[in-house]
Structures are given as C-alpha cells and as structure tokens.
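Q: Let me give you the structure first, and then I'll get to my questions.
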Amino acid sequence: MAEYIKFKVPAKQVSETKGVAELIEKAEDEGVKIVWHRFLEQQPQCGFGILGVCCRNCNMGPCRIDPFGAGPTKGTCGADADTIVARNILRMIAAGAAAHSDHARDIVHVFKGTATGEFKDYKIADVQKLMALAQALGVETEGKDENEIAVECAHILEKEFGKPDDEPLRLLMGTAPKKRIKVWEKLGVLPRAIDREICECMHRTHIGVDADPVSLILHGVRTSLGDGWSGSMMATYLSDILFGTPKPIKTVANLGVLKESHVNIVVHGHNPILSMKIVEVAQSKEMQELAKKYGAKGVNVVGMCCTGNETLMRLGVPLAGNFLMQELAVITGAVEAMIVDYQCIMPALTDVAGCYHTKLITTEPKAHIPGAIHIEFKPEKADEIAKDIVRIAIENFPHRAKERVEIPKYKSEVVAGFSVEAILEALGGTLEPLINALKDGTIKGIAGIVGCNNPKVKHNHSHVIIARELIKRDVLVVGTGCWGIAAAMDGLMSPEAAKLAGDGLRQVCEALGIPPCLHMGSCVDCSRILIALGALADALGVDIPDLPAVGSAPEWMSEKAVSIGTYFLASGVFTHLGTIPPVLGSQKVTKLLTDDVEDIIGGKFYVEPDPIKAAETLYNVIIEKRKKLKWPL
Ligand code: SF4
Ligand code: MSK
C-alpha cells in the first residue's frame with residue numbers, strides 16, 4: 001500500500017553503488033518507504049543514546065547522565081556515566097556474541113545429526129577439514145571412521161557452550177597462537193564457556209553488580225574471544241565440513257543479477273543450512289521444468305547479506321546486494337520470494353513485500369516476522385522443505401506485475417572463495433611467498449575490512465574508498481560480510497582490479513591471478529582472518545600485534561560487529577571503526593578502548609568517519625609495525 005513519504009531521500013548521494021539511486025527513486029514514485037526514509041524520520045536521534053549514557057537496566061530508571069555536568073551525574077542507583085557506558089557496551093558484545101554463537105549451535109546440531117545418520121539430507125563434504133578440526137580439538141583419529149570422529153568432535157563442541165568447569169575453550173586453545181593465549185591468561189580473560197560468558201555479561205550489568213568500567217570491559221573482551229575463537233570459529237569449520245571449504249569461484253554481484261525472464265529467489269540472513277539446500281533444489285531439473293510451466297525460463301537464486309556470502313563462497317551464487325539493499329531487491333518488482341533465516345533481516349520487509357507480489361518466507365523458529373509466511377526449517381526434512389519453498393516461489397511467478405519490473409542493469413565480475421586453505425593453495429601450499437613479499441615490502445601489509453552498512457553514512461562509500469586507498473599503497477585487503485559484497489559490486493574482487501593496486505601488490509596479484517581484495521566469507525568467517533593472522537605470526541615467530549596488519553569496520557551497525565571489533569582488538573589488531581560507537585559519554589571508557597588497552601593487549605580501537613583519513617592512518621600503523629620489525633618501508 002502506498003505511503004506518504006514526508007522526507008525524500010537525496011537518492012544520488014546516499015550510495016556509492018550503481019543502481020541504488022534508481023531504485024530509491026522507484027520506491028518514492030511508488031510510495032514505498034525504505035530504510036533511508038525511516039532513518040530521516042528518526043532525526044534528530046537521541047543524544048543520550050548516541051553517547052551511551054542512558055540506562056534502563058532497572059525500573060527505577062530510565063536514567064540518563066548529563067554529559068556536560070549541568071544535570072544529573074548519577075543514575076538513581078548511583079551508577080555514573082563510566083559504569084553506564086561500559087555496561088551498555090558489554091550488553092552489545094553479549095548480544096553480538098550470542099548471535100554468532102547461537103548460529104554455531106544450530107550448525108553443530110546439523111553436523112552431529114549428519115554424523116549419526118539422523119539427518120540424511122546432509123553429508124560430510126570435506127574430510128580434510130574434519131581432520132583439521134579433530135586435530136584442533138585433540139580428538140584421536142587413528143582407527144576411527146569419519147562419522148565416529150565427527151560425533152566425537154560434535155560432543156566437544158556442544159560442551160563449548162555450557163561446560164561447567166573453568167578450563168578455557170577447547171577450540172580457542174587449539175587454534176589461537178600460543179603467544180596470544182599467554183596474554184589472555186595473564187589478563188584473566190580466557191573464556192571458559194560461550195554461554196557462560198554471555199550469561200555473565202547479563203549478570204554483571206544487572207542493577208547492583210559490576211560498576212567498574214575496566215572490569216566490565218575486560219569481561220567484554222573475554223566474551224568476544226569466546227565468539228571469535230570458538231563460536232564463530234566452529235560455525236566456519238562446520239560449514240566447511242558440511243558444504244566444502246571455499247575455493248576461488250567466479251560469479252557476479254549487484255542487483256543486475258536478478259533476471260526478468262526467471263523466477264527470482266533471494267536467500268538472505270546468515271545460516272547456510274537451508275540456503276544451500278534451496279540452491280541445490282532450485283537448480284534441479286524438476287524445478288527448472290516447473291518454472292517453465294509457469295511461464296518463466298527457469299529459477300534464479302541470488303544472495304543477500306551473509307547467507308548470500310555463504311552460497312557465493314561455495315557455489316558461486318550471484319550476490320544481489322548487502323544490508324541496505326534488501327528492500328531494493330523487492331522494489332525491482334522481480335522477486336518471487338525472499339527466504340530469510342536470521343540476523344540483519346529488516347522487519348520492514350513485510351511492508352515492502354506487501355507492495356509487490358513478493359512472498360517473504362521466514363524459516364527459523366527464533367526469527368518470526370509479522371506478516372511473513374512462516375515455513376519452519378527442520379534438518380530432518382531439509383530437501384522436502386526446500387522443495388516446498390522453491391515451489392511457492394515458482395507458483396508466484398504469474399502474479400508478477402510485469403509493468404512494474406525495473407532491474408538495474410549493473411553487475412560486476414567477482415572472484416570470491418578465498419578461505420585460508422584457498423589462499424595457501426594460490427601461494428603454492430606455503431605461506432613463504434607471502435612472508436617474503438611482506439618482508440621485502442612488495443606487499444606492505446594486510447588489512448582485514450569487515451562489517452555492515454549504516455544509513456548514517458553514504459552506503460558502501462567508506463567500504464570501497466578505504467579498500468581502494470589501501471591497495472593503492474600495496475596493502476593486501478581481505479575481508480568478510482557486507483564489506484565483501486560492497487567491494488565485489490565495486491569491481492575490486494575481479495583479478496582486473498589488480499591494476500588499481502600499487503606496483504608491488506599488482507605484480508603479486510597478476511602472478512597469482514588473484515584480485516587485490518580477497519573475499520573470505522560471511523560475518524562468522526572473520527574467524528578465517530584470525531586463523532590467517534595467527535598462522536602468519538607463528539611463521540614469523542612474533543605475536544599478532546607485531547604484524548603489519550590492521551582491521552577496519554567502516555560502516556558497522558550491528559551488535560555482532562561490536563563483538564567482532566572487540567575480539568580483533570583482543571587478538572592484537574589495531575581496529576578502525578568508521579561509525580562512532582556509543583561510548584563518548586564516558587572519557588574513561590573511550591580512553592580505555594582507544595588508548596590504554598593497547599599496552600595490555602596489543603590492539604585498540606581507532607574511530608574515524610572520514611575514509612581517506614582512516615586509510616592514511618591504517619597505512620601509517622602498518623609502516624610503524626614494519627619499522628619495528630626492521631623491514632624496508
Ligand atoms: Fe537507573 Fe541504576 Fe536502574 Fe540504570 S540500573 S536504570 S542507572 S537506577
Ligand atoms: S550481514 S552483521 S549487516 S556485515 Fe553479516 Fe552485513 Fe553486518 Fe549483517
């Protein structure tokens with residue numbers, strides 16, 4: 001139903017990505033509100049919230065602290081700005097770590113059921129990766145078949161969530177570099193169990209428990225480590241075991257991947273368990289033939305956000321866009337069904353889908369959206385459910401209003417699929433060539449760029465500017481999440497983009513036939529970046545903070561990004577944030593996170609909204625690290 005749009009969006013200015021402006025204009029012409037309109041309606045946003053100084057952790061509140069000291073300096077219970085800001089950040093970390101780790105729990109469930117034979121629609125696709133997992137967990141493999149090994153691994157991983165002892169997480173201990181583990185041990189932040197640390201975040205931030213900002217933030221570090229080195233890590237390992245470890249694969253990205261002649265299905269969310277099945281079923285002869293019966297030329301599945309990254313990395317499924325583009329896909333008028341699992345799915349999608357013929361199908365018991373069709377996913381019936389869903393999409397094709405279809409023509413070539421294993425293979429099976437290129441300065445350093453979109457900043461602008469500026473300076477860029485999609489749509493993930501790199505990086509990329517920006521996967525696959533950094537540090541005999549490596553989340557918005565940023569920092573990485581976190585209401589917390597923490601843990605946050613300045617600083621940090629290693633500049 002058409003809505004009154006009070007504030008028009010300056011469509012040509014809000015995005016770096018081709019095709020976005022024309023669809024925003026289409027939305028306005030058709031009276032459909034999308035994220036940018038709702039964001040404008042929210043202005044001005046609450047200053048207390050922006051500074052992180054509001055608290056509603058109990059019903060004596062809500063309380064807010066006057067940042068200028070003219071009003072109250074303490075909440076009703078006596079909590080000051082430092083306590084409130086630290087508590088709020090800790091709750092963000094808890095939510096982010098919970099999202100990643102609960103995603104992991106779902107995959108452990110399917111992995112275990114596959115190994116025991118309960119879930120017949122899945123199989124162990126990568127035995128080598130299973131063996132690597134067994135080794136990391138200390139599982140004896142001699143004389144056992146792969147299913148026995150998998151069941152043993154699954155039992156250990158299940159316990160990672162809630163084991164009652166104080167032993168550190170097994171997967172972290174088996175994958176993190178020893179030097180890092182020592183630092184965390186000394187600080188007392190080795191995580192014991194994933195759920196326990198998350199639960200303790202909630203306990204500590206309840207009224208009248210932990211009031212010390214340092215102690216609160218340190219527990220945030222502990223919780224985030226449980227996410228990065230165990231929760232997210234196991235999601236990556238198990239997805240690789242079940243669906244194959246990604247290898248370089250060619251495809252295309254941007255809204256132009258939708259096809260006017262086909263039934264279009266968008267898979268959106270984060271978990272690959274159902275989406276991989278949707279792709280498999282949609283490509284079957286049966287479904288392609290059925291589509292023809294309904295007047296289409298076939299079925300076209302495309303990806304959105306991190307579910308899109310998962311199907312991209314392993315099957316080369318084209319990417320339709322990233323976080324801020326989910327509604328735009330529907331606005332093309334060419335999407336028969338959007339199938340969602342969880343995380344980063346805007347509830348507004350039902351309103352937008354209601355303006356077109358698109359069916360929004362939710363599939364997860366923990367993610368319902370009013371107005372959507374809910375078809376609950378069950379791993380024991382994966383193929384059957386996937387078929388039902390694809391059939392609904394096909395049967396919806398005749399309802400498409402052809403005169404309202406407008407698909408932007410843009411799409412860019414992408415080579416994605418750069419797991420650590422794939423990078424090693426491209427290097428000839430050893431890190432040696434990369435280490436030599438780093439040491440002699442052919443490549444100056446490595447930057448991991450990750451994270452979301454945020455309507456507070458120009459869509460995909462900082463993502464691509466920082467990447468372009470860094471590759472120009474011979475910094476190899478790797479990354480995940482919505483950054484990966486932004487870079488893909490900008491053409492930075494095609495081998496031809498090597499010409500945009502400095503001479504050194506260009507030579508390396510051309511010799512190996514790889515792009516200067518490497519797509520490493522979805523949000524949970526930030527764990528791949530951790531593994532790569534750990535392996536490099538070990539090979540050089542140094543610790544991660546010594547490496548000429550930096551991190552950046554230029555347009556982050558989600559609580560998961562707070563957890564990711566924190567475990568990057570805790571892993572010793574200088575980490576840039578391009579949108580401002582809600583900490584400025586406390587000088588103490590701000591200083592702790594952007595300065596003091598570096599001395600104790602090796603990494604810190606650096607906040608800079610300007611992408612050019614940020615890229616310069618990131619490069620300078622790399623140069624400083626090179627100086628300390630006595631490597632040529
Ligand atoms: Fe206010 Fe303290 Fe309750 Fe927070 S916990 S709402 S600061 S009284
Ligand atoms: S999808 S968490 S908007 S990266 Fe992983 Fe994108 Fe951020 Fe969601």
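The values are calculated or read from the model by the stated rules, or taken from the named source; none is laboratory data. No experiment lies behind these values; they were computed from the predicted model shown. When we count neighbours, we look across all protein chains shown, and the Cβ atoms used for this are built from the backbone with ideal geometry, even at glycine. Only protein heavy atoms, including side chains, enter the accessible area calculation; ligands, DNA and RNA are left aside. Shrake-Rupley method; radii C 1.70, N 1.55, O 1.52, S 1.80 Å.
Q: Sorted by packing (mean other beta-carbon atoms within 10 Å per residue), highest first, where do 507-515, 118-126, 100-108 land?
A: Numbers: 507-515: 18.3, 118-126: 16.2, 100-108: 24.0.
Listed from highest to lowest mean packing, they are 100-108, 507-515, 118-126.
Q: Sticking with this one: Could you tell me, in Å, what Rg and Dmax come out for the Cα atoms of the stretch 241-375?
A: 13.9, 40
Q: Hey, another quick one. Which residue, chosen from V183, A570, C46, occupies the Cα position most advanced towards the positive end of the dipole of the chain, where the dipole is computed from +1 (Lys, Arg) and -1 (Asp, Glu) charges on Cβ about the Cα centre?
A: The Cα lying farthest towards the positive end belongs to C46.
Q: Rounded to whole Å, give me the distance from the Cα center of the stretch 170-243 to that of the stretch 333-393.
A: Taking the Cα centre of each part, the stretch 170-243 and the stretch 333-393 sit 33 Å apart.
Q: Additional query: Taking H placed 1.01 Å from N in the peptide plane, check which residues at least 5 places from Y606 or on another chain put their amide H under 5 Å from its amide H.
A: The answer is T575, H576, L577.
Q: What relative contact order, as a whole-number percentage, does the stretch 443-574 give when Cα pairs under 8 Å and 6 or more residues apart are counted?
A: Details: 233 pairs, mean separation 43.0, N = 132.
Computed over the stretch 443-574, the figure is 33 percent.
Q: Now for a different question. P(r) for the stretch 23-148: what percent of alpha-carbon pairs falls in each 5 Å bin, starting at zero?
A: For the stretch 23-148, the binned pair fractions read 2, 8, 11, 10, 9, 8, 8, 8, 9, 11, 9, 5, 2, 0, 0 percent.
Q: Follow-up. List the residues whose amide H sits under 5 Å from the amide H of G448, counting only those 5 or more places along or on another chain, with H placed 1.01 Å from N in the peptide plane.
A: V478, V550, G551, S552
Q: Please give the solvent-accessible surface of K250 in Å², to the nearest 10, using a probe radius of 1.4 Å with every protein chain present.
A: Accessible area, nearest 10 Å²: 140 Å².
Q: Expressed as a whole number of Å, what is the distance separating the alpha-carbon centroids of the stretch 56-104 and the stretch 429-482?
A: 33
Q: Also, I was wondering about something else. State the three equivalent ellipsoid semi-axes of the stretch 183-251, derived from the C-alpha gyration tensor as the square roots of 5 times its eigenvalues, in descending order and whole Å.
A: Details: eigenvalues 216, 32, 22 Å².
Equivalent ellipsoid semi-axes, largest first: 33, 13, 10 Å.
Q: Rank K12, K163 by accessible area, highest first, at a 1.4 Å probe radius?
A: So the residues, ranked largest to smallest area, are K12, K163.
Q: Using Cα-Cα distances under 8 Å and only pairs 6 or more residues apart, what relative contact order does the stretch 1-121 have, in percent?
A: Values: 91 pairs, mean separation 17.0, N = 121.
The value is 14 percent.
Q: So how do S215, S571 rank on accessible area, 1.4 Å probe, biggest first, that is with the largest at the start?
A: Values: S215 35, S571 0 Å².
The residues order as S215, S571, largest area first.
Q: Could I ask something else about it? What number in nm² do you get for the stretch 136-224 if you take the convex hull of its Cα atoms and divide its surface by four? Provide the component values of the computation, followed by the final result.
A: Values: hull surface 26.5 nm².
Projected over every direction and averaged, the Cα hull of the stretch 136-224 covers 6.6 nm².
Q: Now for a different question. Based on the alpha-carbon gyration tensor of the stretch 178-299 and its eigenvalue square roots a ≥ b ≥ c, which shape applies: rounded if a/c is under 1.5, prolate if not and a/b is larger than b/c, or oblate?
A: Prolate is the answer for the stretch 178-299, as a/c is 1.5 or above and a/b outweighs b/c.
Q: Same structure, new question: For the stretch 460-475, just list the computed ³J(HN,Hα) in residue order, Karplus coefficients 6.51, -1.76 and 1.60, θ = phi - 60°, integers in Hz, with x standing in for Gly and Pro.
A: The phi angles translate into 6, 5, 5, 3, 7, 5, 4, 4, 4, 5, 6, 5, 4, 9, 6, 9 Hz.
Q: Express the relative contact order of the chain as a whole percentage, based on alpha carbon pairs under 8 Å and six or more residues apart in sequence.
A: Working: 1379 pairs, mean separation 103.0, N = 633.
Answer for the chain is 16 percent.
Q: Arrange the residues C355, C201 by how much accessible surface each exposes, largest first, with a 1.4 angstrom probe.
A: Working: C355 20, C201 0 Å².
Putting C355, C201 in descending order of accessible area: C355, C201.
Q: Of the heavy-atom accessible surface of the stretch 406-466 (probe 1.4 angstrom), what whole percent is carbon and sulfur? Write down the numbers at each step before the final one.
A: Numbers: 1160 of 2190 Å².
Looking at the stretch 406-466 in its full context, I get 53 percent from C and S.
Q: Would you mind checking which residues have amide H under 5 Å from H519's amide H? H placed 1.01 Å from N; only 5 or more apart, or other chain.
A: Under 5 Å from the amide H of H519: G417, F418.
Q: Additional query: Can you give the three extents of the C-alpha atoms in the stretch 89-179 along their principal axes, from longest to shortest, in whole Å?
A: Principal-axis extents of the Cα atoms in the stretch 89-179, largest first: 45, 33, 23 Å.
Q: Report the net charge of residues surrounding A487, where surrounding means a beta-carbon distance below 13 angstrom and charges are Lys +1, Arg +1, Asp -1, Glu -1.
A: Summing Lys and Arg as +1 and Asp and Glu as -1 gives -4.
Q: If you count the DSSP beta bridges with both ends in the chain, what percent of them are antiparallel, to the nearest 5? Walk me through the numbers on the way to the answer.
A: On the way: 9 of 51 bridges.
Around 20 percent of the beta bridges assigned by DSSP in the chain are antiparallel ones.
Q: When 1/r is averaged over all different Cα pairs and the result inverted, which Kirkwood radius in Å belongs to the stretch 472-582? If you can, show how the numbers build up before the last one.
A: Working: mean 1/r = 0.0676 Å⁻¹.
Result for the stretch 472-582 stands at 14.8 Å.
Q: Turning to a different aspect of this structure: Give the Cα extents of the stretch 314-434 along the principal axes, in whole Å, largest first.
A: 55, 40, 24
Q: Right, next: How compact and how long is the chain, expressed as Rg and Dmax of its alpha-carbon atoms in Å?
A: My reading of the Cα-based Rg and Dmax gives 23.7, 72 Å.
Q: Oh, and also: Using a 1.4 angstrom probe and counting only protein chains, how large is the accessible area of E598 in Å², to 10?
A: 60
Q: Quick check for you: with a 1.4 Å probe and neighbouring chains kept, what is the accessible area per residue of the stretch 263-410, in Å²?
A: 33
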